[in-house]
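What follows is a short report on a single structure.
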């Protein structure tokens, strides 16, 4: 019998429900897992963009995580929006308090509409503290460029940046190719043992809000349920592709996915 899979999500709240904690909870639930949360920030946003970010006091962020880990426990951790250097340091302490629990680190830096979600001076903290703690790191091309200083504009660039991130201490990296110009989207899962490609025709749609959060949470759910890494990523990738295709068309901007398609 497959494990339920307890996932502790440490990320920001999206009032529009398409990304952040809300997308994470929907994803974990849709894939049969159990989601618990430690909220790092409250954002004011919808499909048109982010108009406000209100950080949660760090002692409360850590207390949320501690309350979950001390009672319910976790089989995987997933991190998203962290905000600033102090928050990155606090979340690193959370990860260190559960060293045997694999962490899926989504290095969220910019919202779909372009609003910054990570302070510029916190990028170094992510490199120093989060990348080496990642069982799986899930950067898109701009995030990979920021973390490595390398240009990421082709599949070969994805590989070079992925190799650099592995050298920085990540145990596995899922290099996302959605921002790389091409008719087909290619994501590359890289580990010290080799690589696995995930490819599909590019979906021409504006309803892509929260794809990164959703993919990372889906990967974390698979790991929490005991799936091998490649199987967890493969299931997560297929889930996101279908969720994009079934997007309900909500909002006037970058709309959300259909996270609940598996339940219907």
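The values are calculated or read from the model by the stated rules, or taken from the named source; none is laboratory data. Everything quoted here is computed from the prediction, not taken from an experiment. Cβ coordinates were reconstructed from backbone atoms using ideal geometry, including for glycine residues, and neighbour counts include every protein chain displayed.
Table: residues versus (1) surrounded by fewer than 21 Cβ atoms within 10 Å (Cβ to Cβ); (2) assigned to a strand (DSSP E or B); (3) touching a helix residue (DSSP H, G or I) at 6+ places or on another chain (Cβ under 7 Å); (4) at pLDDT 95 or above.
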| site | (1), (2), (3), (4) |
| --- | --- |
| 2 | yes, no, no, no |
| 9 | no, yes, yes, yes |
| 16 | no, no, no, yes |
| 21 | no, no, no, yes |
| 38 | no, yes, yes, yes |
The number of residues in region 54-78 that are surrounded by fewer than 18 Cβ atoms within 10 Å (Cβ to Cβ) and in contact (Cβ under 8 Å) with a residue 40 or more places away in the chain is 2
If you go through 101, 61, 50, 44, the only one that is at negative phi, modelled with pLDDT of 95 or more, outside any helix (DSSP H, G or I) and over 17 Å from the mean Cα position of the chain (by Cα) is 44
Residues of region 221-264 being closer than 24 Å to residue 112 by Cα, exposed (fewer than 15 other Cβ atoms within 10 Å of the Cβ) and either under 15 Å from the mean Cα position of the chain (by Cα) or at pLDDT below 95 (or both), in sequence order, are none
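So that you can scan it fast, the table gives a plain yes or no per residue for (1) within 20 Å of the chain's Cα centre (by Cα); (2) under 19 Å from residue 235 (Cα atoms); (3) modelled with pLDDT of 90 or more:
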{"position": "166", "(1), (2), (3)": "yes, no, yes"}
{"position": "171", "(1), (2), (3)": "yes, no, yes"}
{"position": "182", "(1), (2), (3)": "no, no, no"}
{"position": "185", "(1), (2), (3)": "yes, yes, yes"}
{"position": "192", "(1), (2), (3)": "no, no, yes"}
{"position": "195", "(1), (2), (3)": "yes, yes, yes"}
{"position": "206", "(1), (2), (3)": "yes, no, yes"}
{"position": "212", "(1), (2), (3)": "yes, yes, yes"}
Item checked: Hey, residue 30 closer than 17 Å to residue 217 by Cα and either in contact with a helix residue (DSSP H, G or I) (Cβ under 7 Å, 6 or more places away or on another chain) or surrounded by fewer than 17 Cβ atoms within 10 Å (Cβ to Cβ) (or both) or not -> yes
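Check 144, 125 and return the single one that is surrounded by fewer than 24 Cβ atoms within 10 Å (Cβ to Cβ), assigned to a helix (DSSP H, G or I) and under 18 Å from the mean Cα position of the chain (by Cα). Show your work before the answer.
Details: 144 fails: surrounded by fewer than 24 Cβ atoms within 10 Å (Cβ to Cβ).
When all the criteria are applied, what remains is 125.
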Of the residues in region 79-106 that are out of contact with any strand residue (DSSP E or B) (no Cβ under 7 Å at 6 or more places or on another chain), buried (at least 18 other Cβ atoms within 10 Å of the Cβ) and touching a residue at least 40 places away in the same chain (Cβ under 8 Å), the one that is farthest from residue 138 (Cα to Cα) is 85
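Out of the residues in region 192-216 meeting the condition of being outside any loop (DSSP other than H, G, I, E, B) and in contact with a helix residue (DSSP H, G or I) (Cβ under 7 Å, 6 or more places away or on another chain), tell me which one is farthest from residue 139 (Cα to Cα). Let's see the steps before the verdict.
Pass one, region 192-216, residues outside any loop (DSSP other than H, G, I, E, B): 194-201, 209, 211-216.
Going one step further and asking which of them are in contact with a helix residue (DSSP H, G or I) (Cβ under 7 Å, 6 or more places away or on another chain), we end up with 196, 198, 200, 211, 213-215.
Working: 196: 16, 198: 15, 200: 18, 211: 12, 213: 11, 214: 13, 215: 11 Å.
Within region 192-216, the match that is farthest from residue 139 (Cα to Cα) is 200.
Yes or no, residue by residue, for (1) touching a residue at least 40 places away in the same chain (Cβ under 8 Å); (2) assigned to a helix (DSSP H, G or I):
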{"site": "182", "(1), (2)": "no, no"}
{"site": "186", "(1), (2)": "no, no"}
{"site": "218", "(1), (2)": "yes, yes"}
{"site": "227", "(1), (2)": "no, no"}
{"site": "231", "(1), (2)": "no, yes"}
{"site": "241", "(1), (2)": "yes, yes"}
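Tally time: how many residues in region 153-186 are more than 22 Å from residue 132 (Cβ to Cβ) and crowded, with 16+ Cβ neighbours inside 10 Å? Write out each step before concluding.
Pass one, region 153-186, residues more than 22 Å from residue 132 (Cβ to Cβ): 153-157, 177-186.
Within this subset, residues satisfying the condition of being crowded, with 16+ Cβ neighbours inside 10 Å are 155, 157, 177-178, 180, 185-186.
Of the residues in region 153-186, 7 are more than 22 Å from residue 132 (Cβ to Cβ) and crowded, with 16+ Cβ neighbours inside 10 Å.
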